[in-house]
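Shown next, in structure tokens, is the structure this report addresses.
Nothing in this text is a laboratory measurement; each read-out follows from the coordinates by a stated rule. Just so it is clear, the model here is predicted, and its values are computed rather than measured. Glycine also receives a Cβ, built like all others from the backbone with ideal geometry; neighbour counts cover every protein chain displayed.
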Amino acid sequence: MELENTINKENINSYNYNEFSSFKRIGKGGYGTVYKSKWKNRELIVALKKLNVELIDKKTIRKELKNLQKVCTHPNIIKFYGVTRDPSKGSYNIILQFANNGDLRTYLKENFSNLEWIDKFRMAYEISNVHEKRMLIADFGLSKDETSKTSNSNIGGVAPYIDPKCFECSEYKRGKKSDIFSFGVILWEISSGKPPFQSANQEYYIQVQRCLGKREERIEGTPELYFQLYEKCWDGDPNKRPRLDDISEKLKDLWIGEAFESILRTITLKIMFIKFINSIKVFKNHVYWNYSLNQHQSIEEFSKKS
């Protein structure tokens, strides 16, 4: 009943569960399972995030719905359509836009070899700029805005992205500084094209390594300013981590700077190409002139002899 009141109060759209079919499981997070599904009434493919009510209290779910509703029109965030309830199990499902290119990890895996640094800077900037002065973190638990602080009684998500402080102290309050650490790991992942701590299978091992200060190695060819930025994000001392708006501004500068350099390189190449073409024309004219002159001289000499 409480969830239904939240849905009505926040003007969240609710749809009949029978409108959805062809369920295919595509992922699982700390708090729920995601299915690809066909929305029959709209002839649309969507993602249904089935919430695990055994692991999440209703208060947390209400916050989730409110946050999604707030940012549902943002161009850099997956569209939130509403909710649907499975009457047979009583579980709630969040209806989200289906990402054709998959998540960030899938996209990097399939396209990394074709990405230039200008593309990586743009991706990083757009992620940092998800919401003005806020960063929405999904699948590090439920989504939450940057300003919220929660305890670690129930940490969802995967270990490589979680602030080491969460493992060191159960009373540590996760907030925007913890999300900055997570974002730093994402920046590294964009630079490498692979998941963090890929060779480590045990989450406990990863937790220990994180607490001991272990971080991913810098990828060869990573621009120095980009490296310094994500290194600051995952500093062991949360107070030394940069603010989101500062990160976003630096990423924007890197993106614009790389775009400018790219334009300069293109212009330089065009100028060099034009000069090359002109030099060929000059060379051709010179050859043609010499050839014509020699021909003219030969005709005159032939006329004299005859």
* Asked: Can you list the residues, at least 5 places off or on another chain, whose amide H is less than 5 Å from the amide H of GLY82, using H built in the peptide plane?
  -> ILE95
* Can you list residues whose amide H is under 5 Å from ILE26's amide H, if they're 5+ apart or on another chain and H is modeled 1.01 Å from N? -> VAL34, TYR35, LYS36
* Asked: Can you run phi through the Karplus equation (6.51, -1.76, 1.60; θ = phi - 60°) for segment 44-49 and list ³J(HN,Hα) in whole Hz, with x for Gly and Pro?
  -> 10, 8, 10, 10, 9, 9
* To do: Output ³J(HN,Hα) for segment 80-89: one whole-Hz value per residue in order, computed from phi by the Karplus curve 6.51 cos²θ - 1.76 cosθ + 1.60 with θ = phi - 60°, and x for Gly and Pro.
  => 9, 8, x, 10, 9, 10, 7, x, 6, 10
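If the limit is 22 Å between Cα atoms, which of LYS109/LYS270; LYS24/LYS50; LYS79/LYS232; LYS24/LYS63 go over it?
Where the Cα-Cα span goes over 22 Å, the pairs concerned are LYS109/LYS270; LYS79/LYS232; LYS24/LYS63.
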* **Formal net charge of residues neighbouring LEU115 (Cβ-Cβ distance under 14 Å; K, R +1; D, E -1)** => -1
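Please rank THR84, THR222, fewest neighbouring Cβ atoms within 10 Å first, as an exposure proxy.
Going from least to most buried by this count: THR222, THR84.
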* Asked: Which cross-chain or sequence-distant (5 or more) residues have an amide H under 5 Å from the amide H of ILE45, H modelled 1.01 Å from N in plane?
  -> TRP39
